[in-house]
Amino acid sequence: MYHFRWRQNGQHSPWTNSRHIWHSFFVPHKSPSLKILGERIREIRKGKKLTQEALAYESNIDRSYIGGVERGERNLSFDKLCQIASTLGCDVAMLTKNLPKEPRQ
């Protein structure tokens, strides 16, 4: 269950208690395709001897976000995927080729 969060001024903010906010940050059930995508990104990053911090800095993305992507917890946007692929020196097609299809809900 979600708990109320209070702003510093003591007033409740409906945005911090919304289940939609949490869903936009974290995928509720780990998706197999996101997990595989994250593993591919990690493998290429390590092959280039980059740390998560270095990849994040070069991609202009937060380091904790990169960690979430590599663990398959983040449903990243196409823009973020392009930034990561560009920094790794590969194309998006290489990262996403033959990912399992997600069943529609």
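Structural remarks
- For Tyr57, the criteria (1) within 21 Å of Asn75 (Cα to Cα); (2) modelled with pLDDT under 55; (3) of a type in the set (Phe, Trp, Tyr) hold in every case but one, which is (2).
- Of the helices (runs of 4 or more DSSP H) lying entirely inside the range 56-105, those containing at least 2 residues that are under 14 Å from Lys35 (Cβ atoms) and within 12 Å of the chain's Cα centre (by Cα) are 63-70.
- Enumeration of residues in the range 73-90 that are modelled with pLDDT of 95 or more and surrounded by 11 or more Cβ atoms within 10 Å (Cβ to Cβ): Lys80, Leu81, Cys82, Gln83, Ile84, Ala85, Ser86, Thr87, Leu88, Cys90
The values are calculated or read from the model by the stated rules, or taken from the named source; none is laboratory data. Keep in mind that what you see is a predicted model, and the values were worked out from it rather than measured. Reconstructed Cβ throughout: ideal geometry from the backbone, glycine too, with neighbour counts over all protein chains shown.
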